[in-house]
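Okay, structure first, notes after.
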């Protein structure tokens, strides 16, 4: 929209300058020059009025503001028990899992253990890497760490 208005203004100014220069070349007397200037001013006034009408048709709107809603956290698709099964290192320097009360749920027997995710936890024992479920049963899983 802004570019269109700029082009119109430049066109009006350019045409006005050309007409003004051409009129002085043809004017032989002061009266002819005055009449030519008056005609030129009148033409420029008409062009400006036409420009004002065209500019009035251009609807300028304020910049659009996009509101991004706060990110919603989807509900867990796991039960509370899984959320609270956390790996912990025991006094024997081995890893196991405790519940939210701190009670041992899976014995401290692993060389390392990661949090449960989607019902499984990655663990390591004697150089072997595998997954266990919440009952400490070894299960197939995708590439353990």
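The values are calculated or read from the model by the stated rules, or taken from the named source; none is laboratory data. Predicted, not measured: the structure shown is a model, and the values here were computed from it. Here Cβ is always computed from backbone atoms with ideal geometry, including for glycine, and neighbour counts include all displayed protein chains.
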Region 106-119: number of residues that are over 18 Å from residue 89 (Cα atoms) and either at pLDDT 90 or above or not in a strand (DSSP E or B) (or both): 2
Qualifying residue in region 30-37 (condition: loosely packed, with under 11 Cβ neighbours inside 10 Å, farther than 19 Å from residue 132 by Cβ and modelled with pLDDT of 65 or more): yes
Identity of the residue in region 116-145, touching a residue at least 40 places away in the same chain (Cβ under 8 Å) and at positive phi, that ends up surrounded by the most Cβ atoms within 10 Å (Cβ to Cβ): 119
